[in-house]
Amino acid sequence: MGFLIAGLSAVFYSLSNVLMKKGMRHSATDNGMLITLCINICLLGSLLGISRWLAPVNGNTGDEMGLWLFLAAGFLTAFLGRMMLFNGIRKIGSSRAAGIKNSAPIFTVMFAIIILDETIIGVTWLGIGLIFLGLFVQGYMLFHNEGSKVDQFGFLISLGAALGFGIGQGVRKQALDYFPDPFAGAFLALWQH
């Protein structure tokens with residue numbers, strides 16, 4: 001069942017990037033940030049309500065530091081990362097922007113090693129190296145194509161999205177240590193926009 005859910009997740013994420021690009025064709029300026037934020041608020045608010053109904057919380061679930069960390073994570077992912085991804089999709093297309101954005105786990109790992117003092121062992125380093133190699137090859141090809149002014153800027157914006165999403169996930173992990181309620185944290189992070 002887990003493989004099915006993971007596969008569906010990959011399909012829906014990929015499809016959302018393609019549909020985002022199609023939607024951008026109808027507007028020269030609107031990248032869909034507002035509607036995406038509204039959908040997230042409704043969906044996460046509903047999930048928070050359902051989780052509270054199914055498993056009521058008695059007492060305090062976390063502290064103020066966790067709230068601030070969730071707000072920072074929300075800014076990095078739901079706002080900055082998403083805004084840069086949408087701009088990257090507009091500049092260089094869905095497949096390129098999403099491919100670059102999907103390097104976000106590398107930035108999460110770097111954040112975890114440098115800030116959270118976590119350790120990486122074994123073959124994980126090989127995977128990290130291969131992702132960096134893929135980013136280098138993709139960046140090299142983008143920077144050497146004709147009309148590369150738009151591509152270079154789109155590449156950098158998409159890389160900024162990966163940075164925002166990656167570091168945001170590391171901050172979210174810290175937030176859960178202080179405020180161990182992922183539904184409430186995700187919902188609260190949306191309201192700081």
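The values are calculated or read from the model by the stated rules, or taken from the named source; none is laboratory data. Since the model is a prediction, treat every value here as computed from it, not as a measurement. Don't worry about glycine lacking a Cβ; one is built from the backbone with ideal geometry, like all the others, and counts go over all protein chains shown. The protein model used for the area step is the full one, side chains on, heavy atoms only, and it has no ligands, DNA or RNA in it. Shrake-Rupley method; radii C 1.70, N 1.55, O 1.52, S 1.80 Å.
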**Study point:** Search result, residues across the stretch 173-185 that are more than 11 Å from LEU71 (Cβ to Cβ) and either open to solvent by 70 Å² or more (accessible area, probe 1.4 Å) or of a type in the set (Gly, Ala, Ser) (or both)
**Key:** LYS173, ASP177, TYR178, PRO180, PRO182, PHE183, ALA184
Check your understanding: Given (1) open to solvent by 40 Å² or more (accessible area, probe 1.4 Å); (2) farther than 22 Å from MET141 by Cβ, where does ALA112 come up short, assuming only one miss?
Key -> (1)
Review point. Out of LEU135, LEU126, LEU176, LEU142, which single residue is more than 29 Å from LEU47 (Cβ to Cβ), at pLDDT 85 or above, of a type in the set (A, V, I, L, M) and in a helix (DSSP H, G or I)?
Key: LEU126
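Are any residues in the stretch 117-140 open to solvent by less than 100 Å² (accessible area, probe 1.4 Å) and closer than 26 Å to LEU156 by Cα, and if so, which ones? Before the answer, list the steps.
Of all residues in the stretch 117-140, those open to solvent by less than 100 Å² (accessible area, probe 1.4 Å) come to 118, 120, 122, 124, 127-129, 131-135, 137-139.
Within the stretch 117-140, THR124, GLY127, ILE128, GLY129, ILE131, PHE132, LEU133, GLY134, LEU135, VAL137, GLN138, GLY139 qualify.
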